[in-house]
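The values are calculated or read from the model by the stated rules, or taken from the named source; none is laboratory data. Keep in mind it's a predicted model, so treat the numbers as computed, not measured. No Cβ is skipped: glycine too gets one built from the backbone with ideal geometry, and neighbour counts run over all protein chains shown.
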Amino acid sequence: MITAAVTERENYLNVSHGLKSWLLTKDHKRIGLLYLFTITLFFFLGGAFATLIRIELLTPQGGLVSSETYNKLFTMHGVAMIFFFLIPSIPATLGNFFLPMMIGARDLAFPRINLLSWYLLVIGGLFGLFAMLAGGVDTGWTFYTPYSTTYSNSWVIATALGIFVAGFSSILTGLNFIVTVHRMRAPGMTWFRLPLFVWANYATSLIQVLGTPVLAVTIVLLFSERVFHIGIFDPALGGDPVLFQHLFWFYSHPAVYIMVLPAMGVLSELVSTFSRKPIFGYKLVAFSSVAIAVLGFLVWGHHLFVSTQSVYAGMVFSFLSYFVAIPSAIKVFNWTATLYKGSISYATPMLYAFGFIGLFTIGGLTGLFVASLGIDVHVTDTYFVVAHFHYIMVGGTIMAYLGGLHYWWPKITGRMYPELWARLSAMVIFLGFNFTFFPQFILGYLGMPRRYHVYPPEFQVLHVMSTLGASVLAVGYAIPMVYFVWSLRYGKLAPDNPWGATGLEWKTPSPPPPHNFDRIPIVEHEAYDYSTVVGEVMEVG
Amino acid sequence: MASQIHAETLALREQFNTEAQQKDAATLGMWIFLITEIMFFGGLFLAYTVYRRWYADAFAVASSSLNVYIGAANTVVLLSSSLTMVLAVRAAQLGKRKAIVWFLVLTLLLGGVFLGVKAYEWNQKFVEHHIPGPAFHFEGVAQQGPAQLFFSLYFAMTGLHALHMVIGVGLLTLLIVQAAKGRFSASYMTPVDVVGLYWHFVDIIWIFLFPLLYLIDRHLGK
Amino acid sequence: MGRLPLFPEQASTFAPDVDHLLFFLLAVAVFFTLVIFGAIFYFAIRYRRRSDGELPKVQHGGMALEILWTVIPFGLSMVMFAWGADIFFRESRPPDNALQINVVAKQWMWKLQHMEGKREINELHIPLGRAVKLTMTSEDVIHSFFVPAFRTKQDVVPGKYSTTWFKPTKAGKYHLFCAEYCGTRHSGMTGWIYVMEPRDYANWLRGGESTGSLADDGAKLFKDLACANCHKADNSGRCPSLVGVYGSTVKLTTGATVKADEGYIRESILQPNAKIVAGYAPVMPTFQGLVTEEGVLQLVEYIKSLGGKPAAAAEGAH
Amino acid sequence: MTEHTEHIDSAKTYILVFLCLIGLTLLTTAVAFVNLGDFSVVAALTIAVCKMLLVALFFMHVRHSTKLTKLVLAGALVWLGILILLTLTDFATRGLGGVPGR
């Protein structure tokens, strides 16, 4: 058991001490950890809301909480999870920490703006928390007008302000990443030598920069309508509530790709490292990230098929939606093909990667269902859609996020996590997830509408199954929380490159020194060239 | 490599390898920020397009109540401020430290004039009950709702534009203080350049707001 | 607890259409899921790491493979698009002879009215085998009219009309849900659709208190609001005659033309000066706040009864 | 001077551009008083785009900028186009089939 300091060598963790050295840090690695801490809080907050929702739905009559409280629970679950966990999740933590290292830079292009981004997320989060503590908000995370502007008596403004401020955090992170990838690459690090995680984060940044401002202005208009009665969407003045939905989904559909593209980036790293092969069709996978980012902006109207949007627009949006399926399918096929004749390790991160591919495949394929006009009319606003997007967001993004966290944990902390517990929790999460959300596909096709506090008794059996699955899932999420904290003190010391990976981040000591590289590396190899590392592979454990 | 004296004036930050890299990064960063601004105002332009198509008549009548001469004059004021701004950037490129300060001050003053005129116009709207809300009343048109939509958009668009102007004025003030201290030279002028980009962008937004808000079917007369 | 349904009832002509498309999509989804899962399991076992020093060979090329798995999913997805769009288009075009029913949604109830004047709340009785068209609006927030057994859903939006239709194929009692979140008692905004044999329906329609037909109510309202002072039938008033206006194409002062459908008539009552008929002055006051949404629907029905193209066709058909 | 030579436009160029901008402002105001029917919107927007180009190309130095900057600017305009045009596929085709709300 090692109880002394991690190592005597200077690294980004021991270079300075005290709260102030963290709150005023400009080191992208420390800022990444600040984000990690913040979004973990929001993840467990959102998880607590989800737990209450699932317990409530055990019985059809709705006995545990009132309808008003129930509506606030699902709203705050959505707000906390989407705006304060999923959107910052991978880019702001793992991206912040590793993107500069992977391209061979000492930091992001604008370290002070990076710190500002974190403060903006915290301020936005405090607004959101204030709204939740003061009484909650009950509009649904979608804030549809005129309910949100005229009829709701809850804390809409505080929540909207929180999202507005957090939006700027997201914009500035995206801006920082784009400039960094363009201007800070090490000599020899050409675009087609970039790790696919960098490509994915670059594509994500494009969405953050192009989409988030539209959400910002939509919130400004919502705010004006609620507070100053400047009615842009007010039907009483001849305004159109559907215009709000267009503006909202112009951001919020691409936002789905803000959440899932970085996850795909993590996955490319994991699949390559743990099968010790370059990703099959590297260029196609890289381009498909950008293609998803671009095409993702052309499909938002598929959320509006029954909204009184014109039939013709519905057809255009349905048609375009199928184009996003292509690059997503390409990625899944290429990851699978990478495994072929590889040297496949079953380390924990790879188990998460297998889980991601499976769940994302189901989530993606059910996306074809909801993109199809005839089916969507029936399943939209039902549990089918709830199940579909949880397969993408939880089954996809959170699986990849946890996989990435395990993968880079030795580099971040200089400690190994306990492998056995980690494998166990990966499997518990996979099973719990499927038990929770698969029954919801059936519920949805049966016609169970979403956001229902009280429901007809014939849906109870499936709801009970879902709640049981959720309890398993909750246990699955609690285990890593415990052993990650445990490993900080008691974990085995991590070698510099425990997995035999190729990225530049593994060429630094674990944990890395304050400025990442003593000398800026010169890149001479393609990404994922395992012939350069296989000789120096170190034994784990 | 940069000498001691250089390091002080050029302020090369540790994450960069060269001054050119630092300058490029700052300029690119500002351009990307301007994209976000285009999309931000884009939402308003979209709402405007939708409602103007629907309520062409009401928009024409409501637009006619704005004073076109004040609007045009204010446009000229703002364009002049863009000219002085670009001359300030040019002075910086040439390393004329005094000229930088003077052109920046001129820009600031013209920006202030624009905001003053805008405030006067808003006050007029207030007097005329053209502020959207319960007290809204627009004479000569039975269609109060769409007329109110026009003014909602008018205040949202000019208000957010003015907010950007106020931020610009703040940035100019900071620049003037630094310029007066002689911080800028031909080899270090990135802040002037970047604020210049921002200022011109705000000008471009107004270039579109002016015809869209003030100049709808003026031939109809009031 | 107890029952575990796994598939919803089919009770309209759309239901089998939607379900067939679902089966196609399920087949495709299951196939690809099996392919991916199978490949992952097989590769993971077959190519597991046997020693730490292994360095697998790099696989190059595979362009043909890439093209294959781009083109096949694309082709399949276009089938999904076309099939779904076909159903959707038919769902959006009610037949001319459909039975008309008006729906006004509010927090948190459904108010429905039959042409013959009969009103219902949270219940809708309709005859078997007859197409039913709903013209819907909301008094407050957005709601959504959802009948799972019919596989139809349509949002009900304040400030405008929306339309949905279905043709029931099986007598019975079916859920009506509000599917768009509408506030505190959203989950209580439910009701029942009763599909009845045509004879039972006719009996039901005759029963209860008999008020006048919807158009009669509209005519009364038309008189009470003194609309006829200006809208004279012989076109001698200050405003255009409304005879035969429904379904016609109206020329506006702006030079544009507009089709006089339910939405246009509604707008002309509530926002009279939004679209002025060519040759007339904008003299009509707004009736916003003076007439309820139900009243407007009655007025619309009255104006439709004065003649017009689709209305005439509908009358002729039954 | 530094090794990478910057383009410094003459003050005369800037003043000329400024005068063009003033001219276009007067023109767009005058044109608004002429009845051009639907074309008046087109005229107003065309003039505004010209003014935007002048400001961007000269005052914002896009003329001398890197390809990347030009790409960034073009991309932003394309995205603005996506936002407005795709939304208009809805608003411009509503009610074409004569069914309210469809």
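Looking at the stretch A:246-261, is at least one residue buried (at least 24 other Cβ atoms within 10 Å of the Cβ), at the interface with another protein chain (Cβ under 10 Å from one of its Cβ atoms) and over 25 Å from residue A:201 (Cα atoms)?
The answer is yes; a qualifying residue exists.
Kindly provide the set of residues from the stretch B:177-215 that are of a type in the set (A, V, I, L, M) and at the interface with chain D (Cβ under 8 Å from one of its Cβ atoms), ordered by number. Please lay out each step first, then the result.
Within the stretch B:177-215, the first condition is being of a type in the set (A, V, I, L, M), and the residues that meet it are B:177, B:179-180, B:186, B:189, B:192, B:194-195, B:197, B:202, B:204-205, B:207, B:209, B:212-213, B:215.
Answer for the stretch B:177-215, where residues must be of a type in the set (A, V, I, L, M) and at the interface with chain D (Cβ under 8 Å from one of its Cβ atoms): B:186, B:197, B:204, B:207, B:212, B:215.
So, in the stretch A:522-537, how many residues would count as being of a type outside the set (Gly, Ala, Ser), crowded, with 17+ Cβ neighbours inside 10 Å and part of a loop (DSSP other than H, G, I, E, B)?
Selection size over the stretch A:522-537: 4.
Can you go through A:216, A:236, A:291 and tell me which one is within 14 Å of chain C (Cβ to nearest Cβ) and modelled with pLDDT of 95 or more?
Result of the check over A:216, A:236, A:291: A:291.
Looking only at strands (runs of 3 or more DSSP E) that fall completely inside the stretch C:112-213, which ones have 1 or more residues that are buried (at least 20 other Cβ atoms within 10 Å of the Cβ) and without any contact (Cβ under 8 Å) to a residue 24 or more places away in the chain?
Of the strands (runs of 3 or more DSSP E) lying wholly inside the stretch C:112-213, those with at least 1 residues that are buried (at least 20 other Cβ atoms within 10 Å of the Cβ) and without any contact (Cβ under 8 Å) to a residue 24 or more places away in the chain span C:152-156.
Would you confirm whether any residue within the stretch B:157-180 is of a type outside the set (Val, Ile, Thr) and not in a helix (DSSP H, G or I)?
Checking the stretch B:157-180: not a single residue is of a type outside the set (Val, Ile, Thr) and not in a helix (DSSP H, G or I).
Of the residues A:354, A:323, A:319, A:287, only one is crowded, with 23+ Cβ neighbours inside 10 Å and hydrophobic (A, V, I, L, M, F, W, C); which?
None of the other options fit; the residue is A:354.
Hey, residue A:380 hits all of (1) within 10 Å of another protein chain (Cβ to nearest Cβ); (2) surrounded by 24 or more Cβ atoms within 10 Å (Cβ to Cβ); (3) out of contact with any strand residue (DSSP E or B) (no Cβ under 9 Å at 6 or more places or on another chain) but one; which does it fall short on?
(3)
Name the residues in the stretch A:114-131 that are surrounded by fewer than 22 Cβ atoms within 10 Å (Cβ to Cβ) and either aliphatic (A, V, I, L, M) or on the phi > 0 side of the Ramachandran plot (or both), would you? If you could, list the steps in order and put the result at the bottom.
Taking the stretch A:114-131 first, the residues surrounded by fewer than 22 Cβ atoms within 10 Å (Cβ to Cβ) are A:115-116, A:119-120, A:122-123, A:126-127, A:129-130.
If the condition is that a residue be surrounded by fewer than 22 Cβ atoms within 10 Å (Cβ to Cβ) and either aliphatic (A, V, I, L, M) or on the phi > 0 side of the Ramachandran plot (or both), then A:115, A:116, A:120, A:122, A:123, A:126, A:129 are the ones that fit.
Pick out the one residue from B:197, B:172 that is crowded, with 19+ Cβ neighbours inside 10 Å, touching a Phe, Trp or Tyr at 6+ places or on another chain (Cβ under 8 Å) and over 28 Å from residue D:28 (Cα atoms).
Only one candidate passes the filter, namely B:172.
Give me the residue from the stretch C:16-55 that is in a helix (DSSP H, G or I), facing chain A (nearest Cβ under 9 Å) and small (Gly, Ala, Ser) and, out of that set, nearest to residue A:350 (Cα to Cα).
Looking at residues that are in a helix (DSSP H, G or I), facing chain A (nearest Cβ under 9 Å) and small (Gly, Ala, Ser), I get C:44.
Return yes when residue C:244 is in contact with a strand residue (DSSP E or B) (Cβ under 6 Å, 6 or more places away or on another chain) and either more than 14 Å from chain B (Cβ to nearest Cβ) or at pLDDT 80 or above (or both) and no when it is not.
Considered against the rule, which asks whether it is in contact with a strand residue (DSSP E or B) (Cβ under 6 Å, 6 or more places away or on another chain) and either more than 14 Å from chain B (Cβ to nearest Cβ) or at pLDDT 80 or above (or both), residue C:244 comes out as yes.
Among the residues of the stretch D:14-33, are any buried (at least 20 other Cβ atoms within 10 Å of the Cβ), at the interface with another protein chain (Cβ under 8 Å from one of its Cβ atoms) and in a loop (DSSP other than H, G, I, E, B)?
No, there is no match, as no residue in the stretch D:14-33 is buried (at least 20 other Cβ atoms within 10 Å of the Cβ), at the interface with another protein chain (Cβ under 8 Å from one of its Cβ atoms) and in a loop (DSSP other than H, G, I, E, B).
Are any residues in the stretch D:51-86 at the interface with another protein chain (Cβ under 7 Å from one of its Cβ atoms) and touching a Ser or Thr at 6+ places or on another chain (Cβ under 8 Å), and if so, which ones?
D:51, D:55, D:59, D:69, D:84
Can you say whether residue C:72 is within 7 Å of another protein chain (Cβ to nearest Cβ) and closer than 16 Å to residue A:334 by Cα, as far as the supplied structure shows?
It is false that residue C:72 is within 7 Å of another protein chain (Cβ to nearest Cβ) and closer than 16 Å to residue A:334 by Cα.
So how many residues does the stretch B:99-146 have that are of a type in the set (D, E, K, R) and in contact with a helix residue (DSSP H, G or I) (Cβ under 8 Å, 6 or more places away or on another chain)?
Of the residues in that region, 3 qualify.
Which numbered condition trips up residue C:259, out of (1) in contact with a Ser or Thr (Cβ under 7 Å, 6 or more places away or on another chain); (2) at pLDDT below 80?
Every condition holds for residue C:259 apart from (2).
Within the stretch A:138-157, work out how many residues are assigned to a loop (DSSP other than H, G, I, E, B), buried (at least 18 other Cβ atoms within 10 Å of the Cβ), over 23 Å from the mean Cα position of the chain (by Cα) and not charged (D, E, K, R).
Number of matching residues: 6.
Rundown of residues vs (1) under 21 Å from residue A:328 (Cα atoms); (2) surrounded by fewer than 24 Cβ atoms within 10 Å (Cβ to Cβ), yes/no style:
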{"position": "A:397", "(1), (2)": "yes, no"}
{"position": "A:409", "(1), (2)": "no, no"}
{"position": "A:421", "(1), (2)": "no, yes"}
{"position": "A:431", "(1), (2)": "no, yes"}
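In the set C:301, C:267, C:293, which member is in contact with a Leu (Cβ under 9 Å, 6 or more places away or on another chain) and at pLDDT below 85?
C:301
If I filter the stretch A:430-449 for residues that are over 21 Å from the mean Cα position of the chain (by Cα) and over 23 Å from residue C:146 (Cα atoms), do I get at least one hit? Before the answer, list the steps.
Taking the stretch A:430-449 and keeping what is over 21 Å from the mean Cα position of the chain (by Cα), we get A:435, A:439-449.
Next, from what is left, pick out any that are over 23 Å from residue C:146 (Cα atoms): A:435.
Looking for residues that are over 21 Å from the mean Cα position of the chain (by Cα) and over 23 Å from residue C:146 (Cα atoms), one finds at least one in the stretch A:430-449, hence yes.
Tell me which of these residue C:207 doesn't satisfy, since it passes every other one: (1) modelled with pLDDT under 80; (2) within 13 Å of chain B (Cβ to nearest Cβ); (3) more than 22 Å from residue C:305 (Cα to Cα).
(2)
Among residues belonging to the stretch C:304-313 that are within 13 Å of chain D (Cβ to nearest Cβ) and at pLDDT below 60, point out the one that is surrounded by the most Cβ atoms within 10 Å (Cβ to Cβ).
Ranking the candidates gives C:311 first.
Within the stretch B:21-38, is there a residue that is within 12 Å of chain A (Cβ to nearest Cβ) and over 24 Å from the mean Cα position of the chain (by Cα)?
Looking for residues that are within 12 Å of chain A (Cβ to nearest Cβ) and over 24 Å from the mean Cα position of the chain (by Cα), one finds at least one in the stretch B:21-38, hence yes.
Which residue, of C:171, C:228, is more than 23 Å from residue C:293 (Cα to Cα), away from every other protein chain (no Cβ under 14 Å) and not acidic (Asp, Glu)?
Every option except C:171 fails the conditions.
Provide a single number: the residues in the stretch B:185-222 that are among the aromatic types (Phe, Trp, Tyr), farther than 16 Å from residue D:60 by Cβ and assigned to a helix (DSSP H, G or I).
Final tally of qualifying residues: 2.
Condition test on residue A:268, is it among the small types (Gly, Ala, Ser), surrounded by 24 or more Cβ atoms within 10 Å (Cβ to Cβ), within 11 Å of chain C (Cβ to nearest Cβ) and in contact (Cβ under 8 Å) with a residue 12 or more places away in the chain?
No, not satisfied.
Condition check: out of contact with any Cys (no Cβ under 8 Å at 6 or more places or on another chain), surrounded by 24 or more Cβ atoms within 10 Å (Cβ to Cβ), of a type in the set (Gly, Ala, Ser) and under 13 Å from residue A:297 (Cα atoms). Does residue A:211 satisfy that?
yes
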